[in-house]
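No value in this document is a laboratory result; all are computed from the given coordinates. Only a predicted model underlies this, so the values are computations on that prediction, with no experimental measurement involved. Cβ placement follows ideal geometry from the backbone for every residue including glycine, while neighbour counts extend to all protein chains displayed.
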Amino acid sequence: MSILVSSIVLIPALVCAFFSLAWWFQYPLSERSVARLTTSAFFLSSLLSFVSLGFAGRGVRLQLGEWYSLSGYEYVWQGVFDPLSLTFAGMASFALGLVSHFSRDYLHQERGFLRFYLLTLILGIGVEVIVLAASMEQVFFGWELVGLSSALLIGFFSHRPGPARGGVRAYLTYRFCDIGLLAAVVLIHHSGTATFFSQQGGQWLQLAPRTDQSQNLILVLLLLWACAGKSALVPFGGWLPRAMEGPTPSSAIFYGALSIHLGPYLMLRCAPLIEQSRWGGPLVVAVGLLTALHGTLVGRVQSDVKCALAYGSMTQVGLIFVEIGMGWYWVAGLHMIGHASIRTLEILRAPSVLHDYHNIETSLGKVLPRMGLHYERLLPRAWQLWLYRLALERGYSEAFLLNAIRRWRKSVGLLDTAERFIEGRIMGLSAPGREKVEPLR
């Protein structure tokens, strides 16, 4: 069983190592062989995940090997294998295999063909590590792999300024929100164990709640902070439409199927924290509702197909968080799988949408009617104009964050000036003048 489930991660890792060595020693690999090896690795990993479902039962935790041992402390890699983890792992590997097959023609003769597949393999390894992790440390390790590969794939077409800015924006958002996950891991270790345990009946392998309700609430807040970056929750969702500057296949696996659902998956694993906190559930529901309303409002004014799909994904993820906050865990799990499947298909078909609309309108002999008009009929004209402007400005969330960053930079500049002044007085040097802080552009 350990060998079987370890292969889910090891097979893509071995292919990634082979490609890395071939690139390092400048060994030529054909596009056909690169695509076939990557696709086969992910499809085989998916098959092993679904086969493991028959052996896992309601849920088991297996030791996969020791990582290191120091001064009487040892860290052992463990895996959590239950219907939730194995189903999500199989779906993720299948989606990655499908996208890898699709990318062979989409990126044909592209300069960074091998680089794209290498980053896709790294992302797949990170996703599988998160899904099958038995402790929060392993989750953090996979979380960082996914964040790094996502940012690099967003900026894949680095010769254009748009993808480069989008990749930097996503990376900075990830790094800022990862502080929440790191702080949660440290706090969990100080108050108990960070290893997932089996609930009564063994149906879910989840994180044990703390004895203090205030600690549970703090952990829920920190985990929501971490999920807000990865799953594009309010107010950190501004990177998501900019991430569509990357290749369409990577957009499908990141923001349609995998990356954006890692936040809800983590909250499902930490569900006891929400249950044992008085305000945990309402807080998760409130954040989910705000995200869903923001996504559906802003998505209605987008003129780009991929941006509209990005805000559609944000809306559905917000609803999944609402379901988790309400305690409807199985509904949230099924919602994640269904949304990932449909959104992947929609994003992969995005380049052909205009062509499809043209064929439909030609066949009908008229222009297709706009969708969502029933919402407009419910509101007065003045409210419609106000909401339209609010949607165009993306709820002013980005303006709020930009002002906050400006204030932070100004405060840091003042502190730096004070530090230099004090240092100069202590060292007996002349006090430097106050340096002007350039405005954020």
Can I get the semi-axes of the stretch 57-196's equivalent ellipsoid? Compute them from the C-alpha gyration tensor as square roots of 5 times the eigenvalues, in angstrom, largest first. 32, 20, 13
Sorted by average packing, counted as other Cβ atoms within 10 angstrom per residue and highest first, what order do 319-332, 414-427, 155-168, 130-143 take? 130-143, 319-332, 155-168, 414-427
If the cut-off is 13 Å between C-alpha atoms, which aspartates and glutamates fall inside it for Lys230, apart from same-chain ones fewer than 8 positions away? Glu144, Asp178
What aspartates and glutamates sit close enough to Lys366 to cross-link, taking a C-alpha to C-alpha distance under 15 Å and skipping anything fewer than 8 places away on the same chain? Asp356
If I model a spin label at Ser341 and Ser2 as a point 7 Å from the Cα along the Cα→Cβ vector, what separation in nanometres do I get? 3.5 nm
With +1 at each Lys and Arg Cβ and -1 at each Asp and Glu Cβ, the charge dipole magnitude of the chain around its Cα centre, to the nearest 20 debye, comes out at 1200 debye
With labels modelled as points extended 7 Å from the Cα through the Cβ direction, what inter-label distance (nm, one decimal) is found for Leu334 paired with Ile422? 6.0 nm
Kindly identify the stretch 227-304 as rounded, prolate or oblate by the Cα gyration tensor criterion: order the square roots of the eigenvalues as a ≥ b ≥ c, call it rounded if a/c is under 1.5, otherwise compare a/b with b/c, prolate if a/b is larger, else oblate. oblate
Highest mean first, what order results for 182-193, 9-20 on Cβ atoms within 10 Å? 9-20, 182-193
Taking just the alpha carbons, could you work out the radius of gyration and Dmax for the chain, both in angstroms? 23.7, 84
Long-range amide H contacts for Val76: which residues qualify at under 5 Å (H placed 1.01 Å from N, peptide plane, sequence gap of 5 or more or a different chain)? Trp67
Calculate one ³J(HN,Hα) per residue across the stretch 98-112 by plugging θ = phi - 60° into the Karplus curve 6.51 cos²θ - 1.76 cosθ + 1.60, and present them in order as whole Hz with x for glycine and proline. 5, 5, 4, 5, 5, 6, 4, 7, 5, 10, 4, 6, 6, 4, x
Theoretical gain in end-to-end length, Trp279 to Trp383 [0.36 nm per residue, Cα-Cα removed]: 34.2 nm
Taking a cut-off of 13 Å between Cα atoms, list the aspartates and glutamates near Lys410, but don't count ones fewer than 8 places away on the same chain. Glu435, Glu438
With r defined as the distance between the Cβ atoms of Phe176 and Asn403 and R0 fixed at 22 Å, what FRET efficiency is calculated, to the nearest 0.05? 0.85
Full extension from Trp24 to Ser69: what is 0.36 nm times the residue separation minus their Cα-Cα distance, to one decimal in nm? 13.0 nm
Whole-Hz couplings from phi, Karplus 6.51/-1.76/1.60, listed for the stretch 114-125; x for Gly and Pro: 5, 4, 4, 6, 4, 5, 5, 5, 4, 4, x, 4
